[in-house]
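Q: I have a structure I would like to understand better, so I am pasting it below and will then ask my questions one at a time.
Each reported figure results from applying straightforward, stated rules to the coordinates on display, with no laboratory input. Here the structure is a predicted model, which means the values were calculated and not measured. Counting neighbours? That spans all protein chains shown, and the Cβs are built from the backbone with ideal geometry, glycine included.
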Amino acid sequence: MSYHTLLFDVRDGVAFITINRPDKLNALNDEVMRELGLAAERVATEAEIRGVILTGAGPKAFVAGADIGDLAKQGPFDGKARAQRGQAVLRRLETCGKPVIAAVNGFALGGGCELAMACHIRLASENAKFGQPEVKLGIAPGYGGTQRLPRLVGKGVALQLILTGEMIDAPEAYRIGLVNRVVPGDALLAESEKMLRGILAMGPLAVRLAMEAVDQGVEMSLDEGLLLEANHFGLLAATQDMKEGLTAFLEKRSAKFQGR
Ligand code: COA
């Protein structure tokens with residue numbers, strides 16, 4: 001499959017997805033969102049792909065937001081439809097069942113910050129900048145920012161960022177828990193790949209069910225979440241991978257997981 005606005009390259013089980021509109025700081029126009037939707041579906045359904053690194057093309061931006069040119073043309077109903085389409089794309093990525101790391105290489109504003117938040121882990125280059133500046137344009141976040149940001153950093157800090165539209169740098173994003181690590185720009189992709197390949201060396205069914213338990217559990221009561229966790233724990237006890245993982249430990253060797 002070929003894309004106009006994305007680079008999609010699979011190397012040894014890892015899909016490297018690059019949003020590729022550097023002249024527009026990788027802004028998310030309707031075509032990017034459509035292609036991202038196709039890419040997320042591919043990640044979810046192709047067994048060959050075991051994890052994803054998502055980044056932006058060029059030296060300046062991960063994604064500088066939804067394409068303001070597209071937004072300028074919308075009325076209330078297509079505005080709502082655009083938000084819902086975008087939310088579905090990001091949710092598909094978030095629930096694709098495989099670990100997705102955002103390698104944030106520059107501006108991650110508006111929809112860019114929202115896209116990074118839909119990924120499971122965020123690594124940021126030292127020059128990365130984050131923000132939800134929508135209110136400056138008379139709009140509010142529409143691709144999940146009002147929902148994922150408070151879940152990640154807490155309600156107070158989320159409201160501060162969303163209401164002021166202020167931009168924060170990578171160390172501040174790390175301090176508030178919006179990113180997992182800050183690394184030098186020239187090491188960003190290598191560090192992201194290293195972390196992802198470390199995760200891919202774990203039991204893939206265990207990783208999948210742990211992601212699912214965290215994703216669903218944050219929306220549940222503690223008791224419901226604990227039951228979900230116990231069910232997953234029991235389910236994993238039926239897998240070859242669990243037997244292999246425990247046996248390998250006892251035999252003092254590395255485990256060779258098969259994903260079954
Ligand atoms: N939508 C559409 N085009 C965008 C864009 C967006 N969200 N963000 C940047 N661009 C375009 C600019 O219009 C410019 O295009 P041009 O060269 O054809 O004029 C190009 O990308 C480069 O951006 P520019 O503003 O010249 O770069 P800069 O380094 O001076 O500023 C930013 C960088 C990120 C501070 C600035 O581009 C910006 O504020 N972008 C909008 C951020 C935003 O509000 N995002 C949320 C949208 S809901």
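Q: Do you know the relative contact order of the range 116-215, to the nearest whole percent, from alpha carbon pairs under 8 angstrom that are 6+ apart? Display every interim value, and only then the final one.
A: On the way: 105 pairs, mean separation 35.2, N = 100.
Relative contact order of the range 116-215: 35 percent.
Q: Angle, helix 30-45 long axis vs. longest principal axis of the chain, Cα atoms, 0 to 90°, nearest 10?
A: 0
Q: Just add up the charged neighbours of Ala173: K/R +1, D/E -1, any other residue whose Cβ is under 15 Å from the Cβ of Ala173.
A: On the way: positive: Arg122, Lys129, Arg148, Arg175, Arg181; negative: Glu114, Glu126, Glu166, Asp169, Glu172.
Residues near Ala173 contribute 0 overall.
Q: Among Asn26, Asn127, Asn180, which one shows the biggest mean-square fluctuation in a GNM of the chain, springs joining Cα atoms closer than 10 Å?
A: Asn180
Q: Can you give me the distance in nm between label points at His4 and Thr95, each placed 7 Å from the Cα along the Cα-to-Cβ direction?
A: 3.0
Q: Related question: For the range 204-250, just the Cα atoms, rotate onto the principal axes and tell me the three extents in Å, largest first.
A: Dimensions of the range 204-250 along the principal axes of its Cα atoms: 36, 16, 15 Å.
Q: Could you tell me, in Å, what Rg and Dmax come out for the Cα atoms of the range 177-228?
A: When restricted to the Cα atoms of the range 177-228, Rg and Dmax are 14.9, 44 Å.
Q: What do you get for the angle between helix 240-250 and the principal long axis of the chain? Use alpha-carbon atoms, 0 to 90 degrees, nearest ten.
A: It works out to around 70 degrees.
Q: Something else now. Between Phe62, Phe233, Phe107, find the one with the highest GNM mean-square fluctuation for the chain; connect C-alpha pairs within less than 10 Å.
A: Taking springs between Cα atoms under 10 Å, the residue moving most is Phe233.
Q: Where the centroid of each part is defined by its Cα atoms, how far is the range 53-77 from the range 79-94 in Å?
A: Result: 13 Å between the Cα centres.
Q: Right, another one. Send over the per residue convex hull volume for the chain, Cα only, as a whole number of Å³. The partial results should precede the final answer.
A: Details: hull volume 36.2 nm³, N = 260.
Dividing the Cα hull volume of the chain by its residues yields 139 Å³.
Q: Mind computing the radius of gyration and Dmax over the alpha-carbon atoms of the range 37-108? Å is fine for both.
A: Using the Cα atoms of the range 37-108, the pair Rg, Dmax is 14.3, 41 Å.
Q: I want to verify a result. In a Gaussian network model of the chain, Cα cutoff 10 Å, which of these has the top mean-square fluctuation: Ile19, Ile139, Ile53?
A: Looking only at Ile19, Ile139, Ile53, the largest GNM fluctuation is found for Ile139.
Q: Relative contact order for the range 108-164: what is it in percent, counting Cα pairs under 8 Å that are at least 6 residues apart? Mind showing how you got there, number by number?
A: Values: 58 pairs, mean separation 22.2, N = 57.
So the answer I get is 39 percent.
Q: Continuing with this model, one more query. Which lysines have a Cα less than 29 Å from the Cα of Lys194, not counting those fewer than 8 places away in the same chain?
A: Qualifying lysines at Cα under 29 Å: Lys60, Lys98, Lys129, Lys243, Lys252, Lys256.
Q: Same structure, new question: If you average 1/r over all unlike Cα pairs in the range 72-169 and invert the result, what Kirkwood radius do you get in angstrom? Don't skip to the answer; put the middle values down first.
A: On the way: mean 1/r = 0.0722 Å⁻¹.
About 13.9 Å, per the Kirkwood formula over Cα pairs.
Q: Please compute the Cα-Cα pair-distance distribution of the range 6-147 with 10 Å bins starting at 0, giving whole percents from short to long.
A: 13, 47, 33, 7, 0
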